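The values are calculated or read from the model by the stated rules, or taken from the named source; none is laboratory data. Note that this is a predicted model, so its numbers are computed, not measured. We place every Cβ from the backbone using ideal geometry, glycine too, and count neighbours over all the protein chains shown. We work out accessible area using only protein heavy atoms, side chains counted, and drop any ligands, DNA or RNA first. Shrake-Rupley method; radii C 1.70, N 1.55, O 1.52, S 1.80 Å.
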Amino acid sequence: MGDGIDRRALLGGAGAGAIMALLRDSYAASLPPAGGPGRAGGEPGRPPAALDAASTRAFAANQTVTALVPGRLYRVGCVVRAERLSWLPADLPGGFEPLNAYVLTDETNCVFVEPGMPILLPALKSAIDTLVGGRRVWVNFTRNEADCIGNLGYVLGSCPQPTLLFGGAGGILEWINDPAVSMLEVRDFLGRIPIVDARNDTAREVGALRMRWMDAGYKQMLITQWAFEETTGCLFTSDAMGYRHLAAVDAPPVVESVRQLPSVDAVAAEIARRMNWMREAEYPEVIERFQRIFREHDVRMVAPIHGCVLRGREVVAAHVKLVSKALRAASRIADAERLRYA
Amino acid sequence: MPDLPKDVIQKAYVVRGGLPRLVLPDLAWVGGCSNSAGWPGRANVKPVTHEPCMAYVVLGQKTIMFDTGHYGLWYSLEGQLEAMLQGRPLDYVFVSHQEIPHTGNLGRLLAKYPRAKAVGDVRDYHLFHPEIALDRLVMMQHGDRLDLGDREIVFLDAIWKDLSGTLWAYDTKRRLIFSADMFGYIHLADDHVCGTMLHEMDEALAAKSLERPALPFTGMRQRDQGARVAAFRRLMAQFPVEIVTSGHTAPIMGPRLQPAIEQLLHALETSPPRFLQSDAGDHGRDPGATHG
């Protein structure tokens, strides 16, 4: 190639032309083109507009705010094609993936749990516009990765007097001290934005909301928390448990049935994509811990940062059983790095 | 035991806390240390711990930057980069993995250098940087090569990775490996070793510096590290290493390179860190853990 790039593996095996054709055929990218005027990402619940054929931007559709528990819990997110995603073992042709952020509310408080990926910012803006009002704003995230805190700067910078509910490591605050990247609303937020402790195995009442934080049931990154809100029974599981995907761009991103569960092997492959250390590893204590979290909490909903929300005790129980089996199966997946340099 | 490269540029100025440094005529070291201490809720006040958050620029016929540093570094990194490039364009940005201290400034870099392309396992980046045109995110896999004119950069599957998709980069001319999170070291502020390479320290300080590896990899005790160390030795046989760099270390080269590698590999084989919070306690932190 003229520019020195070997593109034989471009886009995970798919040709660039094929990807671009998909983009041209797809729905609206949600963010404005560089230097151009803002293009609406769509009102909540309304179908997206068609994508400009000349666009080279990423695909995102259905930027929506969905009530999971009216007046109390909302999913804020969008849908992308299930391709070029590191957590999937392979692209899912014709498949789609929900990307999620969440907002908890009561009469006087509004808690953003996972500000989410920048590509879902249009939905997040809608959530800020429609849900904050005069409420006090809190922000909580499960891990300090771009998929969870990509919009942290926007929330901190655009909401009045936000408070950070933080359970991570102090050094990480220095990394994200200027989290807005292209949006410089909150440069140097340390010392200006209150930070309230939300360590593992602690609980806090935020108005009528009852939050509890714990070490993640299973994880890839060391400092990953899960959060449980008792009144909704919602467990926020970060980058875990998002193993239900969409067959259509406008399919509901909430699973309420135990039918058509994915196979144990399929879920194990997805777990191993995220938690790469589990391949060829032995971790009975992790599986026990994962199951114990569900024994000790009345979980009626599981809210991951990607993949469908799982709603209902029966649905949650079926997925806990499935994931338990898949965690064991992930241990039997070959360790590619070990074999790579044979 | 290898000697230092003949054209290595010894410390040109006092760099306590200060970068950039032109380490070799074709290798610039940029970035800075972050405070890695300050755990919320801890009863004891810990001494300030420096976590190097580094990036490197290879100044070949074309230029490539290895990682980007975290958001908070940008306001010093931008000037450092300009000083090291001396008006040259930045052609490529290698993104080792998606973690913020490694690639948080990708969007800013591609905006500043509009002809630059990101190379690496670029899955997911369109979700984090929807402002970047997709054709500027170029997918690389294990074994792929990038021609810089006077050398190639070979992309290698990382043997130890935190986020999936982590790649390492190998410079065929300098025999330099950029190992993302591997070979990272933290130090105390009182050590005064910011911006200092191992071979520039006295023996006691160098030994002390190697006692605090940063190995932020989950589940190290849950699987066989011996097999992975063996894989790393096979990698070095295939790609001889004379300079080690990473996102969390100063360049390691010269007579202290091989002992440093062996010390770390031995530690991994004999006493890998316990990084699962569920079995580590005390917020899951071992002394060598830095982030994650």
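Miscellaneous remarks
- Some residue of the stretch A:214-224 being basic (Lys, Arg), part of a loop (DSSP other than H, G, I, E, B) and open to solvent by less than 10 Å² (accessible area, probe 1.4 Å): yes
- Some residue of the stretch A:267-287 being within 11 Å of chain B (Cβ to nearest Cβ), among the small types (Gly, Ala, Ser), at negative phi and open to solvent by less than 30 Å² (accessible area, probe 1.4 Å): yes
- Condition met for B:Leu4 (at pLDDT 80 or above, among the aliphatic types (A, V, I, L, M) and farther than 23 Å from B:Glu152 by Cβ): no
- Every residue from the stretch A:196-213 that is in a strand (DSSP E or B) and buried (at least 16 other Cβ atoms within 10 Å of the Cβ): A:Val206, A:Leu209, A:Met211, A:Arg212, A:Trp213
Quick grid of which residues meet (1) farther than 29 Å from A:Glu280 by Cα; (2) open to solvent by 20 Å² or more (accessible area, probe 1.4 Å):
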{"position": "B:Gly104", "(1), (2)": "yes, no"}
{"position": "B:Gly107", "(1), (2)": "yes, no"}
{"position": "B:Leu110", "(1), (2)": "yes, no"}
{"position": "B:Arg115", "(1), (2)": "yes, yes"}
{"position": "B:Val119", "(1), (2)": "yes, no"}
{"position": "B:Tyr125", "(1), (2)": "no, no"}
{"position": "B:Asp150", "(1), (2)": "yes, yes"}
{"position": "B:Ala169", "(1), (2)": "no, no"}
{"position": "B:Ser179", "(1), (2)": "no, no"}
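- Matching residues, the stretch B:208-264, being small (Gly, Ala, Ser), without any contact (Cβ under 8 Å) to a residue 24 or more places away in the chain and open to solvent by less than 50 Å² (accessible area, probe 1.4 Å): B:Ala227, B:Ala230
- Residue check for B:Val154: under 16 Å from B:Phe232 (Cβ atoms) and either assigned to a strand (DSSP E or B) or free of Cβ contacts under 8 Å to residues at least 12 places away in the same chain (or both): yes
- Residue within the stretch A:317-324 that is part of a loop (DSSP other than H, G, I, E, B), under 13 Å from A:Thr237 (Cβ atoms) and away from every other protein chain (no Cβ under 11 Å) present: no
- Positions within the stretch B:218-269 being touching a Pro at 6+ places or on another chain (Cβ under 8 Å), within 14 Å of chain A (Cβ to nearest Cβ) and not in a helix (DSSP H, G or I), in sequence order: B:Gly247, B:His248
- Total residues in the stretch A:89-140 satisfying the condition of being more than 16 Å from A:Thr66 (Cβ to Cβ) and surrounded by fewer than 22 Cβ atoms within 10 Å (Cβ to Cβ): the figure is 17.
- Qualifying position, being basic (Lys, Arg), more than 17 Å from B:Ala55 (Cβ to Cβ) and more than 7 Å from chain A (Cβ to nearest Cβ), among B:Arg88, B:Arg136: B:Arg136
- A residue that is over 30 Å from A:Val79 (Cα atoms), open to solvent by 20 Å² or more (accessible area, probe 1.4 Å) and either part of a helix (DSSP H, G or I) or modelled with pLDDT of 95 or more (or both) can be found somewhere in the stretch B:47-60.
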